[in-house]
Structure formats: C-alpha cells, structure tokens
1. Check A:LEU211, A:LEU232, A:LEU245 and return the single one that is under 30 Å from A:THR302 (Cβ atoms) and either open to solvent by less than 30 Å² (accessible area, probe 1.4 Å) or among the small types (Gly, Ala, Ser) (or both).
2. Kindly indicate which of A:SER325, A:SER365 is touching an Asp or Glu at 6+ places or on another chain (Cβ under 7 Å), of a type outside the set (Val, Ile, Thr) and either closer than 17 Å to A:PRO468 by Cα or in the same structural domain as A:MET170 (by TED's automatic domain parsing) (or both).
3. Taking the stretch A:337-367, which residues are open to solvent by 10 Å² or more (accessible area, probe 1.4 Å) and at the interface with another protein chain (Cβ under 10 Å from one of its Cβ atoms)?
4. As an exercise: evaluate A:LYS425 against (1) open to solvent by 20 Å² or more (accessible area, probe 1.4 Å); (2) more than 13 Å from chain B (Cβ to nearest Cβ); (3) assigned to a helix (DSSP H, G or I) and give the number of the one condition it does not meet.
5. Within the stretch B:28-53, work out how many residues are among the hydrophobic types (A, V, I, L, M, F, W, C), farther than 19 Å from B:SER96 by Cα and open to solvent by less than 10 Å² (accessible area, probe 1.4 Å).
6. Take the stretch B:82-121 and flag every residue that is free of Cβ contacts under 8 Å to residues at least 60 places away in the same chain, part of a helix (DSSP H, G or I) and at the interface with chain A (Cβ under 7 Å from one of its Cβ atoms).
7. Answer with yes or no whether A:THR134 is more than 7 Å from every other protein chain (Cβ to nearest Cβ), among the hydroxyl-bearing types (Ser, Thr, Tyr), open to solvent by less than 20 Å² (accessible area, probe 1.4 Å) and within 26 Å of B:ALA344 (Cα to Cα).
Amino acid sequence: MDLINPHVVDLSRFQFAMTALYHFMFVPLTLGLTFLLAAIETVYVVTGREIYRKMAKFWGHLFAINFALGVATGLTMEFEFGTNWSMYSHFFGDLFGTPLALEGLMAFFMESTFVGLLVFGWDRLSRASHLAVTYLVAAGSNLSALWILIANAGMNVPEGTHFDPDTMRMQFDSFVHLVFSEDAQAKFVHTSVAGYVAASMLIMGISAFYLLRRQHREMALRSFRIATLFGLISSVAVITLGDVLGRMDYQKQPTKIAAIEGLWHTSKPPFAPWAAFALPDDAKQENHLEIGIPFVLTPLITHSFNQPITGMRELEEQADPHIRSGIIALTALKHYGETHSKQDLADFRAHEDDMGYGFLAMRHSPGQDVSTIPASELDRIVKQTQPDILPNVFVTFWSFRIMVVLGGYFFIFFAFTTLLSLRNKLESNRWILKLAVWSIPLPVMATEFGWITAEAGRQPWTVFNRLPTFLSSSSHTVSYMTFSLAGFILLYSVLIVAEFYLMFRFARRGPETHEPQEQNSQDSVVSNLNIVQGGH
Amino acid sequence: MTVYIVLKLIWTGLLGVLLTGLGLMVGMDMGVGTLLRFIGRDDAERRTMLNIIGPHWDGNQVWFVLGGGAIFAAFPSLYGTSFSVFYVVMILLLFSMILRPAAFEFRSKVSNKYWRSSWDVAFLISGFVPMFAYGVTIGNILEGVGYHFLWTGQYIQDENFLSYLINPFAILCGLMSVALSVQQAGSMLMLRAEEPLYSRAKNYASPGGIIAAILFVIGGVWIQFIKGFALTAPVDYNMPANPLHGQSVVMREGAWMDNFHAHPVLWILPAIGVFCMIASSVLLRLDRAGLAWWLGAGSWFGTIATVGAAMFPFLMPSSTRPDQSLSTWNATGSEYGLICMLVATSIFMPIIICYTAWCYHVMRGKVSVRDVLNSHDSY
Amino acid sequence: MPRYLSTLLKLAGLALALVIALLFAVFVGDQGPWYFAWVIGTVMIILISASGAALFDAQEQRNNLLNKENQS
C-alpha cells in the first residue's frame, strides 16, 4: 500500500487550489486598501480636515471585515503544506520554509499587532502616531506578500538551492539569490500592485454607488478622486510587470510560456502570429478555430524580432534524453541511499540535473520504481512520460487571456474616470458610475486568473524541473481527503455568505456621518440607536 | 562540537520557546472564547470580554502562524510529517481556528440575537478545540506515532486517526492544555474587566491552575508506564538531516524518565511548572491578577520544558519504526538555513516584543461595558 | 536635557535615517531594481493620489467662490 494514489493527489490539488483561490479573494484588497487608507489619512494629517478622518475610518472598517477573512483563510494556506504536501515540505522545506517563517517574523507580526491599533487606537493615539500605525500595517501586509511571493518564485524558478543526496532534499544555500531572484522581484511587484488596482476599484465602485444614490457626496467624490489616481498609476505598473514576467517565463519556464500562448510548434519569427482566440486541444495537441494576429508574438514575448519560441511538441521531443538520463540518476540515487558508495554517487552526479524527469517517470514505472524498469519497457515508459512535461494548455491559455483582457480594461477605465474626476464631471456621466459599481469584482477575478496562469502553467512540477506534483502530496486515503474537502466547502461557504452579507450591509449604510444637509435630526437619533444596538 | 550541532540544539530550544509562546498568547485568547458564555451573562458583558482581547488577539494569533513557519523552516521533515500524520486532528484544529477571526469581526456587526449566539458558539468551539488539539497532539507524540519513511523521504501512515483521538493519555494532555488556557484567560479578564465580570472570571479561572497541576502530576506518574524511546547506540550529532539512517532506537517502559535519572537537576522543570500552576491559582484568589498572569507564563514554560527534557533528543518518535524517529539530530534544516533563521530571529524577536508591549501599553486600562457600547470601533 | 542637546539628538537621528535610506537605496537598487521601483513607485502613487484630494478641495473652493459671485 505504499504506492501513490493518483486520486489523492488530484483531491489534494483540488483542495489546495480551492482554498488558495478563496484566500486570494481577500488578499489583494488588503494589499491595496492599506496603502489607500494611508493615502487618505495622510491628507487628513496634512490638511486637518475632518472629512478625511471620516473617510479613513469608514474605509478602515471595510478593510477590517475583509482583513479578518484574509487572516482566517491564510492559516489554511500555511498549514496545508504540512497537512497535504508532506513530501514537498520535506523536499523543499529547507528553502521554502525560510521565507514563510520570515513572513511571520518581519511582516505578519507587525501587520497583525498594529491592525488592532489601527481600528481601536483612534482616540488613544496622536494623529501622527496613528498615521504611522497605518503605514506600518500597510508595509506589513505588503511585506507579507513579498515573502510569500519569494517563496512562490522559489517553486517556479528555484534559485539559491541545490539538491543534496545525503539529506534527499533541496538544501538552501543563498539567501541573496533567493530574495533577489528576478522572478521573485517581478512577481512581488506585479501582485502587490494588482492589489492596489483591486482596492482602487472597490473604493471607486462603492463611491460610485453613493454618487448614484446621491448620498455621502462629499466623501464619495473625494474617495473616488484618490482611488482613481491610485488605480491609474497602479494599472500601468501591473501591465509593465506582467510583461517582465512573460519574458522571465520565456527564459526560465519554456513549457509555461508555450502553454500560455498555445504554441504547439516552434514559432517562426518575425511573422509568428499571436493567438487572440483559439480552443487548444490537449489530447490532439493542436488548436481549433485559431485567430492570430501576425507579427505580434515574437516582439511581445522575446522583445526582439528574430528569436524563436520553442513549441510544445518540440519541447516534448527534447524531453526524451532528459527522461532517460533522469531514470539513471534516480536509480543511482536509490542505490546510493542503501550503499553510500562513491560509485553510485558519481553516477548520480553525472545525471543530477535530470533527476526531476526521473521522478516524472515513476508514475509510469512498474511499482512506481524506476530502478526496476526492464530494458524492454524503457522506450514505452519514456514515451508515456513525455506528454507529462506539459501543463494543461486550455486552462493556462484561457486564464492568461482573461487576465490580460481585464488588465487592459482597467487601464482604459481608470484613464477615463481620472479624466472625468479631474474635470468634476462624474455625476453627469451616470453610465460610468454604473460601470464602476459593476466593475468591483473584476480585479479580483483578474488576480485569480493570474494565479491560475502562473500555477497551472508551472505543472507538472511543484519545484520546477525538480519535483513533480504527483510525488509531492501526503499519502492520505481518499476518505481523509473527502472529510477535509467537505469541511472546507461547508465552512468556507458559510463564511463567504456572512462576509458578503456584512460587506453589502455596511456599504449600503455608509459612513456614520451626521451631516445636517443629508440627514435630518430624527434620522441621526435613529442611527445612534442603531449604533448602540448594532455595534455600528 | 561543530557549528551545526550547536545550531541544532539552539533550534530545539527555540522550538520550545515557540510552543510556550503559542500556548501562552494564543491560549489566553482561546480561553476567553471558551469562557465567553459562562462569564458573560448578557450580550453587553460578552462584548466587553471580546473587546478586552480585541486589539491584541490578531497579534497573539501570529504566534501560531510563526510557530508553523518556524517548524517549517527549521524542521522541514518534522513539519511535513507531523501535520500529515495528525491529519484529522490538524484539520479540526484548522477549522476551529478559521472560525475565530470571522467570529471576532462578524459577531457584533449585526444585532440579531440568533446571529450573535451562533458566533458565541463559534467562539466556544474555536477556543476549546484548538487548545484541546494542541494538548492531544503533544500527548500522542509522547506515546509515539505510527509512521515510517520511504527511500524518497515520503512518510507512510501506519495508524488510524481514531487512535489519536480516542486515547486516554492524550485526552488528559488536552484537558490540561484547556485548563491552562482558561486560567490564563481569567487573569487577563481580571486585569482589564470591572465587576461583575471580574468576580466571575476569578471564580472560573482560579481552579484552572490547580486542575492543571493535578493533571500534570497524574500525567507524570502515568508516563512511567508508557513506552518511551531510547537510543541504543551513540549517534553522530553532526549527521545529515535524514531520518532513514544513523539511529538505533528501542521502545521501553519508563524510557522518558532516563534523562531525569541521568541529570536530576532537570527535576527543577516540572517543579517550576507545578509551583507556578498552584501559585497562580492562589494569587488569583488574592486578586493579584498581574503576577498570576506571569506565573501562568511560568506554568506553560514548566510544562513544555518538562516534556522537552523527557523526550530529548526525540521530537516525534515513531512507534512502528523507532529507528526512523525524528529527532533533534536528523530533522533540522540545513546549517545555512538555520543560520539565516537565527540571524533573522535575533533581529526581529526583540523588535516584535517591543512593539507588542507598546500596543498593550497604548490599550492599557480597564474596559468598561459602557465604553464598549458607546464606541463605533468596538467588536 | 539642555535644548541644544535634544536638537543635536534629533539631527543625529535624522542623519542616521538618511544613512540607512541611502544604504538601502544603493544595495536594493543594485540587487533588486524592481524592489526599489516598488518602494519609489508606491510612495509616488500615494503622494499623487493624496494630492489629487488636495486638488479636489481647491477646485471645490473655487467653484464655491464662483457660485457666490454669480449669485451676488
């Protein structure tokens, strides 16, 4: 019974993907809202105008509702590496655990400790101290993202680490390489700034909702102005960094970029078309109904007019010698574990770089053991393993396109709203206000699809070219997985319903303003009573 | 002694510190959750209790996150194996932990009676279950856990999850952990609540230390009859972190007492534990809640240190393949990784302690029912 | 504490902050240009959006004045 059960692996993947996507609904908002709060509060401290204090408090409450679920679901993410990906943790934990621990030490502690003061400290702190607290929360939440994305970059482009046959795991060997890997840098900035976009859209949407209902006008117009400028610059940065990431994939993760572009055959520059629409067929390895824009693909990905991009069929062909060499490496490694002989170590060292491909071949080997492959079976197993090096093209291709289209839309939308806001013509253009309200969920969707692009495109690996997903999961039974999945679905559904209920309710109610022009005195008595009874 | 050996020892010590900090800080908040409906008789009182820990629970909870992260980085194989082996227990713990942030943020935002009492139940679950699971896990580890490793490093489960839950010794440990958390919560409530919450907190919390002490002593006697683990041959302390080779271990009744027999000075650790538990209960009766809180910290220290001293060098022994038990010598990260983490910890831990103390300072003072009801910001 | 001493301390503190900022800029700018860009960019985004609000206040003030003039 020591064989890996593919159903358990699939269920573990499903559970991780669901919980990660769920967690990631709240995180981008936290990343952006904290800095937006800081911007609003900065205006308050500089100008001393009461309206900005009200704004900061109002959006601060919205932030707090969102933050709670971000924290709650973040616990799952950390624990799942241990509960469901034990082999991964063992194999990569020496490197991967370090940024996670540092996240706790230098970011999450700061963020969580000061968030209490952010909410409860208004009357106990001086203006400047409270502003400093807000900045610390903002820095903390984004530093949190920094360490998580450094860890994620470690999975996608492992740097600062090497495999050690004595401990049977990747050993951490360079902090600087880990932290300053190009992939980590670009991933962090891309994600953090995407959070800025999401938060800007949320604030603009809710402000637009008030403007449409002609409520809280003073607050809504100002919030809209701040958020639209915030969003405009951020959306430019998101696009820039997205481009950097694409080039990085081209250099370091050829299977991912080929899948993103649905490129089955190596491109022929400079004509090679960029597929704007296609239905990639993973089984037949071709695209249906492809509509391409010529001359776009090569400069878009390679930033040149003459470099070809290797197609997936060619990548598959190229994998053949790597798989054979990987099988030798893994066989030698297994013997080395029993004998500790110099000869086995030398054999392993000669083929070490292809070790991951050997792991990949385990799945098709008799008894999931590559050292027992009979010579007659070798060709068949290599053939079977070859297609495994590719990610699911349909998913990668389409999630990328949805993300890109949304990203472009945000840029255009923010440019429009900024123009209207600067010329004070928002209220006479009700269609754009309505559009703003309906656009609230779009940036979160875009970040979710971005995550899918990056992580589905990383398959079949958890540690790129080193450890396959198939091997990484814990050896649970299907019933364990059913239990946890059912629990997560139940619990997360209840929480999301409660969260949306509260968010909508809170947004509808608006800020605790008692502006005489908007509320008559009777109303404010009623709302005061509500506060006493309802906490708000 | 090489640098690597020293690092292995330091990190084993720090693991103990983390588990102590976790029990203390998270346990305190969990205790408030457990006691919520017993001490708070009406909604206003319950909200007051929540607001006493309101500004701090989030920061305290990071001890939990940091505990997980530090084990991940410093003991990668231990992290992967222990969390997976205890899957059902860990998932239950996780579910109850997830409820907590939501309960804090959501409960008081709607005035409906049923809404609020549902979240009160969530507080009870998320206070009791995690502390219970924490103790249960430690109890199970003391008894040895059924797992072994394949040559790739993959662990294989050899025991059913029910044996971790339906297990008298583990339940005893779980109850002790809950008792300590209730005691700690009581001292915090007494420090920051007014009458009538104050007296009720006193009544509920002051037996906590005594009960914990009794359970601790029973556990201490019980452990003599439990099969502990002992090395049968000297190990190379400098060995590469790989549980597959290099240890030979037997299971023997009373083996957990070996370290105490070899070094009688270790008896001071359980003595500190029992003394602090009893003394903090007495101090609570004498209305010296501040001092009692610090003695509560001593109770956690004494408990964790006693367990650590008994088990050293084992971290999670395997009952089905004792040779593959995870220990200080074979379960740590690489030398480089441990150095990085140590540098980071020694820079950031003092900073964390400073700003946590500052936050408590800013939010100091009694929290009254009226303040809570009048503030827009309160939970 | 005499006044010049506290001024001196403040100056020393400022100087220290400057040195740290400079070291950070040199090291991170060298090793991680995108991180550096993020720091600068975020500060810029905050400042621009905050000044957007200040601009709004100024525009509103002018509009109010214009309205009053029109009425009178």
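The values are calculated or read from the model by the stated rules, or taken from the named source; none is laboratory data. Remember, it's a predicted structure, so these values are computed and weren't measured experimentally. Glycine gets a Cβ as well: all are built from the backbone with ideal geometry, and neighbour counts include every protein chain shown. With ligands, DNA and RNA removed, areas are computed over all heavy atoms of the protein, side chains included. Shrake-Rupley method; radii C 1.70, N 1.55, O 1.52, S 1.80 Å.
1. A:LEU245
2. Checking each option against the conditions leaves just A:SER325.
3. If the condition is that a residue be open to solvent by 10 Å² or more (accessible area, probe 1.4 Å) and at the interface with another protein chain (Cβ under 10 Å from one of its Cβ atoms), then A:GLY337, A:GLU338, A:HIS340, A:MET362 are the ones that fit.
4. The failed condition is (3).
5. Within the stretch B:28-53, residues that are among the hydrophobic types (A, V, I, L, M, F, W, C), farther than 19 Å from B:SER96 by Cα and open to solvent by less than 10 Å² (accessible area, probe 1.4 Å) number 3.
6. Within the stretch B:82-121, B:PHE83, B:MET90, B:ILE91, B:LEU94, B:PHE95, B:MET97, B:ILE98, B:PRO101, B:ALA102, B:PHE106 qualify.
7. When the stated conditions are applied, A:THR134 passes them.
One line per residue, one yes/no per condition, for (1) under 23 Å from the mean Cα position of the chain (by Cα); (2) more than 14 Å from chain B (Cβ to nearest Cβ); (3) modelled with pLDDT under 85:
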site: A:VAL444; (1), (2), (3): yes, yes, no
site: A:ASN465; (1), (2), (3): yes, yes, no
site: A:LEU490; (1), (2), (3): no, no, no
site: A:ALA507; (1), (2), (3): no, no, yes
site: A:PRO516; (1), (2), (3): no, yes, yes
